[in-house]
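The values are calculated or read from the model by the stated rules, or taken from the named source; none is laboratory data. Note that the structure is predicted; figures quoted are calculated from it, not measured. Note that each Cβ is placed from the backbone with ideal geometry, even for glycine, and that neighbours are counted across all protein chains shown.
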Amino acid sequence: MLRDEYAPARIRAEPPEEFMFEVTVDDTFAAGHYLRNYKGKCEKPHGHNYKIRVTLAGAELDKAGLLLDFKDLREVMRHVIDRLDHQMINEIEPFTIINPSAENLAKYFYDESNQRLKSVTNGRVRVKDVTVFETDTTTAKYSE
Ligand SMILES: [Zn+2]
């Protein structure tokens, strides 16, 4: 019986993080890349029309009833996109060293936008996940 009494307390001690609101914005850019240590079509330089989907999460809305204004999220994403748009991604840090795969691009967008958002909203809003579309039918997603 004692076991049953203790088990729920342990669960309550570390509740899973739950968010009530989510906001999502898609944006696009075009860029070139190639994959190192890879055998196949993608080892040669080529381009993609990338789509980036960023989803934010938070439990608390601002005074206007918004988690974050869509245009503010778009601006945060634009800062990251402007670095990569119409560039050879392999020539831009950190992709001079790490491979510009859709997976690594998703983590890059996650880290860059989460850092900016946390400071803008004092931690009220964070990035939930980032999806990178390399084509209409192929995506990679990163979340923490
Ligand atoms: Zn590719």
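Within the set of pairs 6+ apart or on separate chains, which have a first residue in the range 87-102 that is free of Cβ contacts under 8 Å to residues at least 60 places away in the same chain and more than 19 Å from residue 131 (Cα to Cα), a second that is of a type in the set (Val, Ile, Thr) and within 12 Å of the ligand (Cβ to nearest atom), and C-beta atoms under 8 Å apart?
none
Here's the yes/no breakdown for (1) farther than 30 Å from residue 75 by Cα; (2) modelled with pLDDT under 90; (3) not in a loop (DSSP other than H, G, I, E, B):
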{"position": "3", "(1), (2), (3)": "yes, yes, yes"}
{"position": "8", "(1), (2), (3)": "yes, yes, yes"}
{"position": "17", "(1), (2), (3)": "no, yes, no"}
{"position": "23", "(1), (2), (3)": "no, no, yes"}
{"position": "35", "(1), (2), (3)": "no, no, no"}
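Within the range 34-53, is even one residue more than 16 Å from the ligand (Cβ to nearest atom) and within 20 Å of residue 130 (Cβ to Cβ)?
Yes, because at least one residue in the range 34-53 is more than 16 Å from the ligand (Cβ to nearest atom) and within 20 Å of residue 130 (Cβ to Cβ).
Among the residues of the range 61-69, are any surrounded by 12 or more Cβ atoms within 10 Å (Cβ to Cβ), away from the ligand (no atom under 16 Å from the Cβ), over 20 Å from the mean Cα position of the chain (by Cα) and at pLDDT below 95?
Scanning the range 61-69, I find at least one residue that is surrounded by 12 or more Cβ atoms within 10 Å (Cβ to Cβ), away from the ligand (no atom under 16 Å from the Cβ), over 20 Å from the mean Cα position of the chain (by Cα) and at pLDDT below 95, so the answer is yes.
Do the conditions hold for residue 81, that is, is it among the β-branched types (Val, Ile, Thr), away from the ligand (no atom under 16 Å from the Cβ) and buried (at least 16 other Cβ atoms within 10 Å of the Cβ)?
yes
Which of the residues that make up the range 20-55 are touching a Phe, Trp or Tyr at 6+ places or on another chain (Cβ under 7 Å), exposed (fewer than 15 other Cβ atoms within 10 Å of the Cβ) and without any contact (Cβ under 8 Å) to a residue 12 or more places away in the chain?
Residues satisfying the conditions are 43, 44.
Quick one: which of 92, 52 is within 16 Å of residue 23 (Cα to Cα) and not charged (D, E, K, R)?
One residue alone meets the criteria, 52.
Of all residues in the range 104-144, which are among the acidic types (Asp, Glu), within 16 Å of the ligand (Cβ to nearest atom) and touching a Phe, Trp or Tyr at 6+ places or on another chain (Cβ under 7 Å)?
Within the range 104-144, 134 is the sole residue that qualifies.
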